[in-house]
Amino acid sequence: MKILLTGCAGQLGRELKRSLACLGELTACDRRGLDLADADALRTTVRATTPAVIVNAAAYTAVDQAETEAARADAINALAPGILAEEAKRLGALLIHYSSDYVFDGAKAAPYVEADPAAPLSAYGRSKLAGEQAIAAAGARHLILRTSWVYGLHGANFMKTMLRLGRRSVETGEELRVIGDQVGAPTWTRHLADATAAVLARRDGPEGLYHLAAGGQTSWHDYAEAIFAEAEAAGLMDKSPQIRRITSADYPLPAKRPANSRLDCAKARRDFKLTLPDWRIGLADCLADARF
Ligand SMILES: NC(=O)c1ccc[n+]([C@@H]2O[C@H](COP(=O)([O-])OP(=O)(O)OC[C@H]3O[C@@H](n4cnc5c(N)ncnc54)[C@H](OP(=O)(O)O)[C@@H]3O)[C@@H](O)[C@H]2O)c1
């Protein structure tokens, strides 16, 4: 099976490069190898590679910056997936694409299901929703996996930021302020990449829109506490910093985030027999890896 992977240098892309390697002939492109903002390059690369599966891990993920760069976010998160879907349709290929909890406004009191209406609060969320719509409109075989709070050892993410700030805070004695009124499930890139490979290995599995995030739920504040506890257990920190729970209103950012980022993953469990492990398991395993 020929697989074309975009964004292979991103947090998820790196893990996908590893997870997909055993499934067939993998062509993995980073931004230099394939720029999603270049529509001609996209078409040329897909036609030259003739993949059976396109896995799109490239994305514009600078959530706050997107507020002032909406056109660029749209080009990469909406137009490019649409073009990939058109090319997939020409080839009869399957397009696997990742979307986000940020397509929702977070006002729902329970975890979001796939059928819930999307209502993004930010330019990034709108661009991700537009990407989903462009893929569906192209009529290609596709699988859109909405996930949440992605982290891993590579790239930029909340876990790594906390480890950096936490170490500094222990040195200076300053307490860390972390938002406690947004809830979601931190999802380890390795679990998401392995789940993607498991889905692909089935070849004739179901298609469409699925929520796929780690089990359980937490707030950014409680996640930060768990990061420091696990980092101490893994021997990566001697001591945890003092953390204070604050509200989203105490920490205004250019892009508004949903208060509720919880995704109900029952549909993936039912159709693919897939369940990502609880977020605490992912965190502990990820940080255990960091020791080496
Ligand atoms: N991060 C999260 O918390 C989160 C949450 C929910 C859903 N998601 C979704 O999950 C997927 C993977 O996200 P991630 O966390 O792995 O993101 P990431 O670490 O930011 O990786 C995205 C990759 O896309 C590349 N890229 C950006 N612009 C590009 C362009 N014009 N052409 C080609 N490549 C380009 C980046 O390249 P450079 O390295 O050169 O910048 C980067 O390697 C995305 O669809 C994202 O929207 C992420």
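FYI, it's all coordinate maths here, none of it is from the lab. Here the structure is a predicted model, which is why all the values come from computation and not from measurement. All Cβ positions, even for glycine, are placed from backbone atoms using ideal geometry, and neighbour counts span all protein chains on display.
A few comments on the model shown:
- Net length gained if the chain between Thr44 and Ala110 were fully extended (0.36 nm per residue, minus Cα distance): 19.4 nm
- Lysine pairs within the chain, Cα separation less than 25 Å, 8 or more sequence positions apart or different chains: 17
- Projected-area average for the range 1-59 over all orientations - Cα convex hull basis, square nanometres: 3.5
- On Cα atoms only, tilt of 123-138 relative to the major axis of the chain in degrees: 20
- The stretch between Ala249 and Arg31, if pulled fully straight at 0.36 nm per residue, gains 74.9 nm over its current Cα-Cα span.
- Residues in the range 194-222 reached by a label modelled at Cys22 [backbone nitrogen below 16 Å; 7 Å Cα→Cβ]: 194-203
- Considered as an equivalent ellipsoid built on the Cα gyration tensor, the range 222-292 has semi-axes of 26, 24, 9 Å, the largest given first.
- Relative to the compact-globule estimate of 2.2 N^0.38 Å, the Cα radius of gyration of the range 40-165 comes out at 1.12.
- Relative to the globular-protein estimate of 2.2 N^0.38 Å, the Cα radius of gyration of the range 155-292 stands at 1.18.
- Think of it as helices only: each DSSP H run of n ≥ 4 in the chain is worth -39500 (n - 2.57), and spread over all residues that comes to -12000 deg cm²/dmol at 222 nm.
- Against the empirical curve 2.2 N^0.38 Å, the C-alpha radius of gyration of the chain lands at a ratio of 0.99.
- The distance from the alpha carbon centre of the range 248-287 to that of the range 47-87 is 22 Å, rounded to a whole number.
- Within the range 4-103, all pairs of alpha-carbon atoms sorted by distance into 10 Å bins from zero give the percentages 16, 51, 29, 5, 0.
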